[in-house]
Structure formats: structure tokens, C-alpha cells
1. Is it the case, given these coordinates, that GLU150 is part of a helix (DSSP H, G or I), acidic (Asp, Glu), assigned by TED's automatic domain parsing to the domain that holds PRO89 and free of Cβ contacts under 8 Å to residues at least 12 places away in the same chain?
2. So, in region 809-830, how many residues would count as being within 34 Å of the chain's Cα centre (by Cα), aliphatic (A, V, I, L, M) and surrounded by fewer than 22 Cβ atoms within 10 Å (Cβ to Cβ)?
3. Does ALA1007 satisfy being more than 40 Å from the chain's Cα centre (by Cα) and among the aliphatic types (A, V, I, L, M)?
4. Tell me which residues, restricted to region 989-1001, are surrounded by 15 or more Cβ atoms within 10 Å (Cβ to Cβ) and free of Cβ contacts under 8 Å to residues at least 40 places away in the same chain.
5. For region 398-435, give me each residue that is of a type in the set (Gly, Ala, Ser) and assigned to a strand (DSSP E or B).
6. Out of all the residues in region 246-287, which are more than 50 Å from the chain's Cα centre (by Cα) and free of Cβ contacts under 8 Å to residues at least 24 places away in the same chain?
7. Residues that are at pLDDT below 85: list the helices (runs of 4 or more DSSP H) wholly contained in region 534-646 that include at least 3 such residues.
8. In this structure, does ASN977 turn out to be farther than 25 Å from LYS1058 by Cβ, among the polar types (S, T, N, Q) and modelled with pLDDT of 90 or more?
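The values are calculated or read from the model by the stated rules, or taken from the named source; none is laboratory data. Everything numeric here is computed off the predicted structure, so don't read it as measured data. Here the Cβ is made from the backbone with ideal geometry for all residues, glycine too, and neighbour counts use every protein chain on show.
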Amino acid sequence: MDGVATPASIKLLHLSDLHLGLEQQDWMWPTFRSQFYEDLVSLHRRAGPWDVVIFSGDLTQRGSAAEFEKLTELLSGLWSQFKILGSDPKLVVVPGNHDLERPKEMDPTGRVMAQWWNDAAVRDDFWKSNSSVYRIAVSEWFKNFESWHERLSEVIPMAPFTRGLLPGDIAVTIEKGSQRLGIVGLNSAWLQNAGGDFQGRLCVHPRQLMEVTGDDPDAWGKKHDSCLLVTHHPVDWLHPEARKDWAAEIYTPGRFDAHLYGHMHEGRSITESISGGQSRISVQAASLFGLEHFGSDKVDRNHGYSVIQVPVKQGVRGIRIWPRTVNMRADGSRRLGADQNWTLVDDTYCDITFQAGAIVEAEFESSGSDSLDLTSGIKEVLMRLVRPGAVSEAHAAVRKSEQTLFLAALRETRKAWLVADWGLGGDEFIQCVQQQMLGRRGSIYYLDLHNYRNQEEVLQGLPERIGCGFAALCSGLSEEGEAILVLDEIDLSLDAGSSLTGGTLSLAQQIDGLVQVILDFCPELSVVVRSRLASNASSMRVVELGALDEADTAQYVSLHQKGSVHLASHDAVLRLHRHTDGIPSRIDSILRDLQIVGLKGLFELDSDVAGKHAESREASPALVRTIQALAASREDTDSRSFSLLKVLSMFPQGEQLFRVKRFFGARAFYPVHASRLLELNLVDVVTIKSLEEKYTFSEQGSALVVRRAAREFVVQSLSSVEHRTLSAKALALYFGDDWELRGIRPPTYLKFKDSQCDMREIGNACTMVLRATRAATETGKIENIRSALALATSFAAQLRAGDHFRSVAGLYEDLLQMHESAGSGLDLNPARIQYAKALRMIGEYARARDLLRQCEGSVTTKAQKQDVLLNLAFISESQDEDSAETVDLARRAERVDPKSNHGLQAKSIIIRNDDSYQLDRDNQLKKVQEDAVKRKAFILSNNLMIDRAETMVDAESKKLLLKNVIQTARREGDSYNLVRASLKLARIGLNESGVLTAEQISDCTRAYEYLYNQRIDNLFGICHGVLWDSFLANGDGENLLHLFRHSSLIWRLRGQMKVESKYVEKLLPVVGKQVGSGVLNADRKLLYFMTRSIQLASDMPAASLELQASRVV
């Protein structure tokens, strides 16, 4: 069992011999890197966090500037992993013999230095002065190392250090609490300036130690509680004379706790005590990436590292080492684990104490103690399984249906399965459920089971992973009383099966069995299993967390520590949701950064739009491992699957495989490549649906959507050139290869002008336009910005033709901000007018008016001026303001061009609002309507027919006029008026007969889908009412529940809780029997209704609350 460090103990990673730039390392390193990162995650839980990383040389292969640049990138990635784990260690590094640029073979200085031990005059000259030609030569050989080391602090946290006599000589002090650790690093490679065997020929001189310790190493050492000495080479590589100096002047007994070094590519320790004197401890690091005999028929790959704790524990001088090495598995793969060549405690670590005349490589507890016994420290193991965190008010307020179901499962069966992807707030969800179930009692223990393929591997791997076995863990948990154990990170894609019971059990079934054993042993414990994939094989209740919908996003933001009621407003929430997909971790990041960019600059934080310019978010280690392994694979299927992943990352809302199949021409993508991404949980399959009769959905194919966290990581990993190339090809797929020359020409399957166009496709196209606009404004070139503006206005015009008003408004919210910030001087009035017209159609009158007023004085054409005045008149009329102002605006619009269609529209506004037409209004409107038909201005004609129908008394004449509108609107693609007329006709039908025809139900369900997406509130309310009354008349409880669930989202967003409560009261008598069956038997829509009923009841007066709660529960 791992002992728990005292608060003052310092933990460090000891790395050595990376040899970056080694031949063929480019294809070998990525797979090992994934294994290395994975092992860091496991070891960090038991032996972290880490305060220092000591790198004992041979970081590169040839010491070139290019290799050091690549090294910086590699270390930057490594430190990103540390930060994910919760560590941010300081780096201490000494050079090795591969970290210098060797002089040419005939270089005279190099040849003289090769005779170092044969020429005392050279030695004297070297140490005499910094101006020695030989000292200068050594500095030149290490120039690339020193230059890199000087700049590294810009990227990697470096411990403050004192420079020494030779390049790479340093002294460092690390402070943690009351503990001070001194580290001296000395260059042992400065004489190894050529190839060949240098064992017994090198030198580390006492002058090097004196220089970094102020000429008094013992006084320097006394300022520290522990001291370490670091070189690249072991002592036996020093010349015999140098070894004498080493023993007498450098590593004297008691001066250092240990000597750390590398070079030999094999992890080991040596402890030496002569004649009862104090011990000298030497720790040789394994090679992080070592290849022996490479190029022959055999390649011996040695990989490893170690974690070191100083001191072992308070009052005991020495070190604790967790040695790691690569082991071959039965299936031929490699895996990092404990180095069993060491004498280890619980197969994990080794303690080496620093004593006079004695050395103990064992645990400090009694040698007779059982590491699996509770008294041997199981409490300490459990402490390490607890994660810090408190119940978040924001998380507690959302996902109420999921919380209710999960809580019911735990209370009834003490077990439940949670499916939650990266960033969805799984930890917080569990904490919220625990708070409801246990209050302040009990802890949550997280047992990480990632990378285990069956029950046998779980049981065998626990001692190494957590420091105790399964039996000891259950024993400890049984003493904890009421608590929750989370079996975390179950990877169902690794399912290797088991034949323990004679048949083959899936991993999910094996986990079920393991859970039952735990529950039987621990009668007060509850167990949660968490995975990223749902299982159909488990007997447990499965609850799956998805992204927050817009209503939950509003609730989350309003209660968030960095949120506010302002940010929870309808428009702000829609914008936030659009740029975060409702992923809680993304919302958290956005809220943190909003104080910098503001809502208008939200796109700057969205990698779908800003690409690599968006701030890089910390990715899950499991996600990083998965993608990096896929990218590094040399299998053609994996290589092509990774390419498909990059392509799909350009489409935030996903795309169908057949559309991107030939994205790269002949190198096509096939279902096998999509299946690979599904196996790795990197993409989701989203069924494309359209609303049909009886409020059911018909499937229109499937789209592959890259999960948000994976998409962000992929985008950040792309080079700038690759990101531009992929973005351009995606844009061409939607708008044509030559859109800049010939205008946009979407393929036939993208029907932006159709009101039934898939919102997923519109979302993709909007993101691509924003991405192209941002890229253009970044260049600062006016021709690029002009092209991007033309792209946007052309696309918005097509959306407007399909009556996609909400989408046009959403597009321009971000796009206009980009153009205004660019300050290009281009005329933005056409875009502003398009934006204002869209806002007017969705009822955002104040914002629309402000934009139109902004344009009114600066428009340059008659058509624009008339458009502005006409829309101002529409807004005035819609808000029932002063009719005189409405008429004045309409007359001004008409005067601009009386013969245009806009002029005819202005005339109709005058007739509707000028009292002088009161006696003959219908006849005058009819004349304008007929004139509109002659001009083929069918939208205006339809508007006027609906207006006239509204004032008709005769029902048959009214129905005839509305049917005429429906026929014309359907033929001419006038979706908005088709919806208006269909709803009016349906309401008349309901009032007359109490039922709707099949055609009317179809029209109304299509209208509902359209209005749900466009959020045109007044028409949405009418549509909901028509469908509700129709379903209610037929006693159709299922469709009523379905309708309630969708409409509830809109009511919650608009704060219309009274409306929602009214429909809860109407629905309760219809579904009362279903409610009585209980939470665990409820389907999704019934569970939602039950949860919302209780939530709404909590806001009612006491009497109403008691009545409603009793009905629901």
C-alpha cells in the first residue's frame, strides 16, 4: 500500500533519455506517448501531485536547434497533461551527451580535448579562465541547449536556478510548505564530444559544484531539508581520477540524499556504505524512449520512468520510488506498469532510507502487517478515492428528470448506471443526487476502471492502481456506512468477455456481477457505474446525460457563480447555447471569459468559428489518448478514420457520410471508417427526422456528429494550413467550388429556400459563413472581406426566401460584429436591413427598429430607403402604436417608388390604418390584392387575403379565402402565410366539428415544427392550442405528453410558468393512471411531465402545492 505523503513531502518525476529525433521515432513515439500519458493518470492518483520534473539528459538525439524546437512542443503537450491531472511541476534539466552539437572530426579544439587526461596544460588552461579557447569551444557545442533552456520558461514553468561554470550546471531550491529541497545539476557530458566508447574517460570536476553552491556546498546543503545531485552519466563513466574527486569532494557521505542519473537506459538503484559509513544512494533512470541495437534484426525497446518522493515520511531521510517500465502483454501490446525487477511493496513502490551503515528497501510499517488488512491503511486508500467538489447550485437546478429517475433507482436498488460523455458534468450530477439522498452524510468514492477489459483484469489490477486488493476495498467500504462508490470510466469498447460461468459474459454483465458482490458485502453502500457508452446488457437502470437544452441552459446560467439573470435572458441564452451546444463545461469556460469579450464577441471563444484562435480547452486524458492513438496508427482503416474525424469536425452539426465520401477525391470514406469512430465514442449518429402526421417523426437518414470535446481537440491539433484547407473544402461542399466568382450555388440536396430545410444543415452553413468571415477579416484584405460579405448576404437571402427568420437573425448577430470590428469601410446597410427584417418577423421589434433607424440616414439607394421606411411602418403597425405615425411612415415609403411592390405594400398599410378608408376598407384592400396578383407579388396577396378573412363575418367566405391562401402559399413557397392560414382554418374546423381532418393535422404539425424552430411566439401559442385541443378531443394522452414536453421548453425560456401550469392542470386528468405507475416505469415524456409538475407545484401557494403534489406523487 502506498503511504500518504506528509504535507511537506515533495514528489518529482524522474525522466531521462528521450532522444528526440532518433531515427524512426516518429512512428514509434505516438503509441508510447499514449501509453505514457495513460500511466501518468493512473500513477498520479497514487503518487501525485508532482512538484518537480527532473530530466537527466539526452533530451535530443543530435542537439540541433530544430530538435530542441520540437522538444518544446513535446514538453508543452506533456505539461498540458499535467495540468489536466492537477499538477503544474517545475522543470529541472541537465544536458546529456546527445544534447550537444559535436564538432567535426578534424576540429582542432575537439581533438585536443579528446586528449584531456593526457595533457595537464590543457586542463589547467580550461579551468583557469572563461576566456579559455577550450571553455569557449564547450560553450559553443552546447549553444543550442543553452539557447533552448533560456527560452523554455516562456512555455514551461521553470524552477529559479543559479548558473554554474559549464553549460547545464545549475542549482535549484524547491519549497513546499516547510520543506526545502535542493537540487544540484552538473554537466557530465562536456568531454564526450565524439562517437565511440567514453566509459572511464569523462569528468565532473569539484569546481562545477563549488560554482553553483557559492564555494561552500555543505553550507548550501544545510539550507535545505533534502538534497539531490543530478548528472547524465553514472559514476563509472568518469575517469579514475575524476571518480576520486567525486567521492572525496562532490558526493561525500551525507551531503546528498541521492544521485539521479540516466544514460544506461535501465532503471535501477545502488546503495553503497563502506566500513559502516553513511550510505550513498544512486538512482539510475530508465530511458523514456530507448532503442538498443536498432537497425539490426532485433530491436530492444526500453521505455520507463519513475516517481520519487522526498523524504519518505516526516523525520526519516530517504526516498520512495515508484519505478515504471514497459511490459509486454499476452496479446502482443505493450503497457507501462511497475518494474518488477525492483523489490516493491504491494508491487508498486520501494522505500530506500538514508542511514548510517544500513539500508532498508521496504515499507516503514511493520514487516508483518498485511497490506490488504483494514488496519494497514485502507482509510488512506479511500481518502485517495475521494475527489474534491461541492454541490453546485447551477447543476442542482437542471436535469431534474434525470435526477429524479437516478435517485429513484438508487433508493430502490442501491445501484444505477450513468452514461455521461466528456464535459457533461457527470461528477456534479452524482454530487447532486448524493446531496438529495444522503444530505451531508457519506462520501463519494471514485474507482477508475478505465482500460480494463473484463472482471479478471479489474481484480488483478486493483492493487497496482489503488494500493489494495478488492477484498480490502470492500472491507473498508463496509465500515463507511452510507456512501456512494462510483465504478468510473468503464470502457465498453474494450469488452473482452469472460467465461467464468461457463458461458461468455459481456463486460457490462461482469460489472453487474461485481456490483452485486460489493452491495452484498456493504449493506449501506450504493454503487454508480459510469461509462461513455450506454449498455443494453446491464440489468441496472441506465440514465444518460445529454447536453442541456436551452431552458436548462437559462436556469444553469442564472444560478452559475459567474452567471446572471441578464445572461439568462431569452436572446442571451440562445446565443450562448448556439456557441456551446449546451455542454456544461463549455458554458463554464464561456462564462469565465465573457467579462473579456462580452456577448457580442462570443464567437471568439468558439473553436467552430475561431478555429485555432479560440482558447485551447483542457481535454480529458482519455479523449486525448483515444485520438492520439488513432492518429498514430499505421493501419489504413485507422488512418482514414482519423481523416474522416478531421473532416467531420468542420461540420459542427454533423454530416451524412455519402456527402463527404469523396471529400478528398479518390481516397474515399466508407462505413467501416465511420464505424471505427463510433467504436471509439468520438462521434454520435443523429437520426435526421421530419415531423409528419399525428405528431410522429419520419426518418430521413443519419448524420455523423463529432462530439464537442473531441471536435475542439481535433481543431486545436490541426496546423493552420490544414485548418484553412479543410474549412475551404467544407465551404465549397455547401456553396460550390467557385462561389467567389459565380455566387453561391448549393447542391440540390441543400434547400435553404425551403422552410422544411433541415436546421442541422442551416446550422452548419451559418458556422461556415462565420468561419470564412472571421478568416477574411483576419487577413485585413479588403477583397477578402468583400467576398465574405457577399457570401453572407447571398446566403441570408436564401434563408429569408425559406422564411428562416431566426437563422438569419442568429447569423447576423455575430457576423455584423465581425465586420464592424474589422473597420473595412464596406457598406453594411444591406446586411443590417436583412437583419432588421428577420428580427421584425420573430417579434424583436425594438432591436429591429434601432437597426433601421441606424440605416435610415445612410442608405444610398431608393430601394434601400423604401425598404427601411416600409419595415418601420410594419413595426409601428404591429405594436399598435400611434396610427398617424404608421400612416406617415407608409406614405413616405410609398412616395419613394409608388409602382414597386414595396410601394403597393405601403399602400395596403395606409388603407388598414387610415380612418378615411374605414367605410370602404375591404373593397380597397381587395383592389390592392388583385393588383398584387397581377404583379405576381403573391406574398403580399396572401397577406391581404388573411387580413380580409380576419374581418369577414360569413364563415364560408372566410374559409374560402383562407383555402385560397393555402393553395397559393403552397404553390409559391410562402411558408409563413401557409402557417398563418392553416392555423386559422384549423381553428374554425375545431370550433365547428371538434375534430381536424388528416390534412389539417398534417399542416398543423408541420406548422408546429416550423414555429418551434423560428420561435414566433404569437403564432406558436396559436398552433400549440390547436394541436392540444385536437389531441384532447381524441383522448390522445401520448401526443399530449409529447406536445407538452416540446412546448414547455418555449414557455420556460420565455418565463411563461403560468401558461405551463395551466396545461399541467389540463393534462393531469388524462394521464393520471400513467403517473400512478411510478417514476421507474415512466417513459421520457411522462417522466418530464411528472418532474415539471412537481417543480411548478413548489412555486405555488401551499394549498395548491399540496393538491398538485398529491396528484403527481
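1. Values: part of a helix (DSSP H, G or I): yes; acidic (Asp, Glu): yes; assigned by TED's automatic domain parsing to the domain that holds PRO89: yes; free of Cβ contacts under 8 Å to residues at least 12 places away in the same chain: yes.
So GLU150 fits the description; yes.
2. Qualifying residue count for the region: 2.
3. no
4. Let us first name the residues in region 989-1001 that are surrounded by 15 or more Cβ atoms within 10 Å (Cβ to Cβ), namely 989-990, 996, 1000-1001.
If the condition is that a residue be surrounded by 15 or more Cβ atoms within 10 Å (Cβ to Cβ) and free of Cβ contacts under 8 Å to residues at least 40 places away in the same chain, then GLY989, LEU996, GLN1000 are the ones that fit.
5. Across region 398-435, the qualifying residue is only ALA416.
6. ALA247, ALA248, THR252, GLU272, ILE274, SER275
7. Here the list reads 584-597, 621-632.
8. Values: farther than 25 Å from LYS1058 by Cβ: yes; among the polar types (S, T, N, Q): yes; modelled with pLDDT of 90 or more: yes.
Taking the combined requirement at face value, the residue satisfies it.
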